[in-house]
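The values are calculated or read from the model by the stated rules, or taken from the named source; none is laboratory data. Just so we're clear, the structure is a prediction, and the values are computed from it rather than from any experiment. Cβ coordinates were reconstructed from backbone atoms using ideal geometry, including for glycine residues, and neighbour counts include every protein chain displayed.
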Ligand SMILES: Cc1cc2nc3c(=O)[nH]c(=O)nc-3n(C[C@H](O)[C@H](O)[C@H](O)COP(=O)(O)OP(=O)(O)OC[C@H]3O[C@@H](n4cnc5c(N)ncnc54)[C@H](O)[C@@H]3O)c2cc1C
Ligand SMILES: Nc1ncnc2c1ncn2[C@@H]1O[C@H](COP(=O)(O)O)[C@@H](O)[C@H]1O
């Protein structure tokens with residue numbers, strides 16, 4: 001008992017980095033519960049080849065199911081296969097990453113195996129043998145500590161809220177035969193990629209967000225420059241005012257009706273800090289606010305603030321960070 | 001085509017959330033309740049689809065007696081009929097989903113719409129759970145969709161872009177922010193809503209298996225500091241980010 005299963009996420013035949021964090025969280029609770037951490041990797045033929053590396057993040061057993069039908073990870077198909085895999089072993093917890101895919105799959109799997117689901121968990125620990133699970137509610141205005149009257153329970157974990165641990169260990173890979181459900185009534189017919197090379201805001205470790213204070217879409221190059229100075233793991237975000245004005249796509253919106261993010265570093269530039277915006281970003285590790293109004297509510301949650309005009313501050317900030325990074 | 005919208009009554013997002021020490025639920029005194037923001041998108045999507053193609057829109061809520069007010073608001077915006085499944089809701093989305101699926105099983109509607117997540121518990125689960133319990137396909141995080149014959153074609157907002165998914169009807173769709181900003185109810189709509197059917201049935205919810213043990217206020221963020229004013233503060237900010245926060 002006490003075994004924990006982390007459901008790996010893949011895209012284009014590769015295991016995605018969010019999985020490392022998930023496996024790490026699985027390993028740390030499994031130890032506390034006296035069990036072991038397993039990872040489940042599903043995908044097209046070949047997905048299992050490098051899957052042993054998940055051992056280095058804490059998975060003792062890496063269960064691999066390969067089938068051409070699992071390539072795109074269609075949720076209807078995947079959910080059925082995951083539910084079968086879960087049923088073949090006694091797990092205490094099933095963990096998904098709280099990404100778009102994970103949040104779509106987790107409830108389907110929970111319904112198939114008749115297990116309760118807690119979404120977007122920000123804290124998962126074992127304290128004196130007891131599981132502690134916390135998740136924000138009411139747009140982050142309260143934290144609920146929850147318990148389960150059933151096992152297994154299903155959780156989705158907020159990305160970037162747990163961190164990763166690396167070691168030299170290799171996981172033991174176990175392959176199993178996948179049974180693909182016969183009736184599938186949904187099909188992906190097209191995928192329109194967002195601007196190439198951009199990291200999605202919900203997975204980025206650094207986010208540069210702009211608000212109405214940026215005055216118009218034509219000034220986004222200033223934010224884009226800062227983003228590229230910060231490196232490949234940085235993404236652009238936006239307030240709802242910006243998205244509603246059509247300056248930026250909805251996929252970049254942070255907040256109650258947008259993405260919930262917890263990056264290591266969040267820049268709020270020309271964003272006032274309305275509760276609905278805070279709902280999406282207040283669990284970020286370090287928050288920097290740039291706003292010309294010293295009374296803007298964003299300063300109440302910011303670790304560091306500059307009171308000033310974004311149009312002056314941004315180019316200087318970009319230059320300083322570029323200089324710093326080129327020093328190495 | 002007839003459509004069902006499942007919707008939930010939740011505290012206004014502007015509300016200050018209060019609760020006493022050790023409480024497992026918020027203090028409802030003085031809290032204004034609204035139709036959950038994403039459910040507004042679902043309602044608007046249903047109204048536009050039925051206007052274009054004909055058919056009725058029925059709104060369904062599992063909730064307390066006060067939820068009638070939310071259902072009336074939906075009727076005022078243009079829904080044709082409402083059903084209140086009277087019962088006390090918990091954070092256990094699967095318990096809610098079982099009740100909703102039980103109701104939907106008795107009905108003919110080919111399309112069931114949900115908000116992607118409810119504005120109180122933010123669980124993001126009830127829609128796909130209901131679909132799974134009913135054995136119907138589901139597309140979540142949908143920004144717009146179109147019904148063509150026996151198929152519904154949905155645009156989904158996913159990481160890295162937009163995915164277009166086609167599903168055979170009957171199907172379930174959960175809506176995120178996109179093309180469907182809810183219209184205002186007209187005075188005529190508000191008057192008409194009083195005469196529209198609102199069925200009330202008692203719902204049988206088992207005890208939830210996801211239990212809230214207690215609520216806490218989020219940890220106060222450590223007192224932030226204003227590094228300075230204008231461009232001159234930038235070097236100090238960069239130093240702090242590097243040496244103190246160690247994030248760059
Ligand atoms: C149900 C509901 C859901 C919502 N969901 C979301 C959501 O998901 N995300 C979200 O963000 N909002 C959401 N909102 C909207 C939210 O209430 C605010 O309206 C919105 O966040 C404001 O965006 P903003 O900060 O960009 O604009 P504003 O509030 O207009 O703030 C602009 C800021 O820019 C500053 N500024 C102006 N010029 C400059 C300059 N030259 N340099 C520096 N600073 C400058 C100003 O001082 C001001 O603080 C929601 C609202 C509701 C009712
Ligand atoms: N008590 C309820 N009654 C009717 N619909 C609900 C209820 N709870 C949740 N829903 C629907 O399910 C969606 C997702 O809710 P949740 O999974 O709780 O975040 C909501 O936006 C509603 O459309």
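Matching residues to (1) without any contact (Cβ under 8 Å) to a residue 60 or more places away in the chain; (2) in a loop (DSSP other than H, G, I, E, B):
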site	(1), (2)
A:237	yes, no
A:246	yes, yes
A:262	no, yes
A:271	no, yes
A:290	yes, no
A:293	yes, yes
A:306	yes, no
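Can residue B:115 be described as free of Cβ contacts under 8 Å to residues at least 12 places away in the same chain and within 14 Å of another protein chain (Cβ to nearest Cβ)?
no
Can you find a residue in segment B:129-140 that is in contact (Cβ under 8 Å) with a residue 60 or more places away in the chain, more than 16 Å from ligand 1 (Cβ to nearest atom) and closer than 18 Å to residue A:102 by Cα?
Looking for residues that are in contact (Cβ under 8 Å) with a residue 60 or more places away in the chain, more than 16 Å from ligand 1 (Cβ to nearest atom) and closer than 18 Å to residue A:102 by Cα, one finds at least one in segment B:129-140, hence yes.
Would you say residue B:151 is surrounded by 21 or more Cβ atoms within 10 Å (Cβ to Cβ) and either touching a strand residue (DSSP E or B) at 6+ places or on another chain (Cβ under 8 Å) or at positive phi (or both)?
no
Quickly run through segment A:142-156 and pick out the residues that are out of contact with any helix residue (DSSP H, G or I) (no Cβ under 7 Å at 6 or more places or on another chain) and more than 13 Å from residue A:90 (Cα to Cα).
Listed by number, the residues that qualify are A:142, A:143, A:144, A:145, A:146, A:147, A:148, A:149, A:155.
Only one of (1) more than 9 Å from chain A (Cβ to nearest Cβ); (2) at pLDDT below 95 fails for residue B:160. Which number is that?
(1)
Just wondering, is there one or more residues in segment A:249-259 that are more than 11 Å from ligand 1 (Cβ to nearest atom), within 13 Å of chain B (Cβ to nearest Cβ) and in a helix (DSSP H, G or I)?
Looking for residues that are more than 11 Å from ligand 1 (Cβ to nearest atom), within 13 Å of chain B (Cβ to nearest Cβ) and in a helix (DSSP H, G or I), one finds at least one in segment A:249-259, hence yes.
Evaluate the following for residue A:103: is it surrounded by fewer than 17 Cβ atoms within 10 Å (Cβ to Cβ) and within 11 Å of chain B (Cβ to nearest Cβ)?
Judged against the criteria, residue A:103 is not a match.
Can you name the number of the only condition in (1) closer than 27 Å to residue B:141 by Cα; (2) modelled with pLDDT of 95 or more; (3) within 16 Å of ligand 2 (Cβ to nearest atom) that residue B:2 fails?
So residue B:2 meets the others, but not (3).
Filter segment B:98-118 down to the residues that are more than 8 Å from ligand 2 (Cβ to nearest atom) and under 14 Å from the mean Cα position of the chain (by Cα) and list them by number.
Result: B:112, single match.
How many residues are within 12 Å of ligand 2 (Cβ to nearest atom), over 16 Å from the mean Cα position of the chain (by Cα) and under 16 Å from residue B:186 (Cα atoms) when one looks only at segment B:52-78?
Qualifying residue count for the region: 0.
Looking at segment A:3-25, which of its residues are part of a loop (DSSP other than H, G, I, E, B) and surrounded by fewer than 20 Cβ atoms within 10 Å (Cβ to Cβ)?
Matches in segment A:3-25: A:12, A:13, A:16, A:17.
Kindly indicate which of A:231, A:211, A:171, A:258 is closer than 30 Å to residue A:77 by Cα and assigned by TED's automatic domain parsing to the domain that holds residue A:323.
Exactly one residue qualifies, and that residue is A:258.
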